[in-house]
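Asks: This is the structure I want to talk about, given as structure tokens.
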Amino acid sequence: MVSQSFRYAPNVELLTARAVDLMWDNYVGYSDDVFDKKELIPSVAKNIDLGVRVLRRGSPPSREELLPGRDLGGRRASQGVPLESVIQAYRSTERTIILDIFSGSQAWPVELTSHYADLIISTFDLLTEEMINSYRETASAIEAAQRRVENELVTAIANGVVPAASDLDRWAHTLRIEQQGPWLSFAIGSVRNADHVEVLRLRQRIASVLQAHVAGPVLFGDMGRLTVALARPRGNVDDIGEALARVIDGFDSPAGYAI
């Protein structure tokens, strides 16, 4: 048996700084162009405080203590930080605490040090699980809202509707796009009825291939048997046409797609 009393009193401010240094400008999304570093510091400090409490009492976190993980997951999803980066950030905080434990463990039995290291790992596993669930819920809601707005924008323009300035601002804000042009449009059609899932796969492939040629996302709208798309060219428009031709040539389907 290991002792349930652990006299662990680290410098939380110092550990926070170490953990933040491991994350900031090292993981995608952890940079000034996404959110303010000042927001990250108290968030990391709270997780380190939780780790210290868990170590001192020798028992896992309560359900209530894991709630910050849910809050963080939703916030990072709203900010557009990749989920992988948030997971790495948690692991950086976990690593910082574990290294601190072992750096002062010379007088402790190995089994005691290992026990508390396992406790920290378990704590951050639980925090990460809460964060991931919340992140995915929020990301799914955001994606559904964006798809509705995307379809609304593209179909309005394709139908010749002159949008109100307020609608344009709302669409641009939701989709995180620039209104300024030039914009390129193209339509995707098929000789025979196409499977809906297959159309979605084709859209994903087009969006992926065009990443190098456009600024921002490719926007798609449903127009019956046609899919209409909008994109902002980054360079030569002919490059986009050639890239689209390659996608269609390489997309094997009995529906017979054309752009």
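Asks: Identify the single condition in (1) exposed (fewer than 13 other Cβ atoms within 10 Å of the Cβ); (2) assigned to a loop (DSSP other than H, G, I, E, B) that residue 242 does not satisfy, given that it satisfies every other one.
Replies: All conditions are met except number (2).
Asks: For the range 19-27, check the following and say yes or no: at least one residue is farther than 14 Å from residue 96 by Cβ, in a loop (DSSP other than H, G, I, E, B), of a type outside the set (Lys, Arg) and open to solvent by less than 20 Å² (accessible area, probe 1.4 Å). Write out each step before concluding.
Replies: Keep residues of the range 19-27 that are farther than 14 Å from residue 96 by Cβ, which gives 25, 27.
Narrowing further to those that are in a loop (DSSP other than H, G, I, E, B): 25, 27.
Checking the rest, the ones that are also of a type outside the set (Lys, Arg) come to 25, 27.
Add one more test, that the residue is open to solvent by less than 20 Å² (accessible area, probe 1.4 Å), and what stays is none.
No - not one qualifying residue is present in the range 19-27.
Asks: Quick check on this structure: which one of 53, 7, 70, 95 is within 30 Å of residue 176 (Cβ to Cβ) and either of a type outside the set (Phe, Trp, Tyr) or assigned to a helix (DSSP H, G or I) (or both)?
Replies: Selected residue: 70, the only one of 53, 7, 70, 95 that is within 30 Å of residue 176 (Cβ to Cβ) and either of a type outside the set (Phe, Trp, Tyr) or assigned to a helix (DSSP H, G or I) (or both).
Asks: Next question. Against the definition (out of contact with any Lys or Arg (no Cβ under 9 Å at 6 or more places or on another chain), of a type outside the set (Gly, Ala, Ser) and at pLDDT below 95), how does residue 55 come out, yes or no? Steps first, please.
Replies: Details: out of contact with any Lys or Arg (no Cβ under 9 Å at 6 or more places or on another chain): yes; of a type outside the set (Gly, Ala, Ser): yes; at pLDDT below 95: yes.
Here the answer is yes, as residue 55 does meet what is asked.
Asks: I'm checking my understanding of the structure. Among residues of the range 197-226 that are of a type in the set (Val, Ile, Thr) and touching a residue at least 24 places away in the same chain (Cβ under 8 Å), which one is surrounded by the most Cβ atoms within 10 Å (Cβ to Cβ)?
Replies: So, considering only residues that are of a type in the set (Val, Ile, Thr) and touching a residue at least 24 places away in the same chain (Cβ under 8 Å), the one surrounded by the most Cβ atoms within 10 Å (Cβ to Cβ) is 206.
Asks: Follow-up question, since we're still on this one. Could you go through the range 156-171 and let me know if any residue there is closer than 19 Å to residue 233 by Cβ, open to solvent by less than 30 Å² (accessible area, probe 1.4 Å), of a type outside the set (Gly, Ala, Ser) and at pLDDT below 95. Write out each step before concluding.
Replies: Step one: list which residues in the range 156-171 are closer than 19 Å to residue 233 by Cβ, which gives 157-158.
In the following step, the residues that additionally are open to solvent by less than 30 Å² (accessible area, probe 1.4 Å) were identified as none.
There is no residue in the range 156-171 that is closer than 19 Å to residue 233 by Cβ, open to solvent by less than 30 Å² (accessible area, probe 1.4 Å), of a type outside the set (Gly, Ala, Ser) and at pLDDT below 95.
The values are calculated or read from the model by the stated rules, or taken from the named source; none is laboratory data. Here the structure is a predicted model, which is why all the values come from computation and not from measurement. FYI the Cβ positions are ideal-geometry reconstructions off the backbone, even for glycines, and counts take in every protein chain you see. Remember, those area values only see protein heavy atoms, side chains included, never the ligands or the DNA or RNA. Shrake-Rupley method; radii C 1.70, N 1.55, O 1.52, S 1.80 Å.
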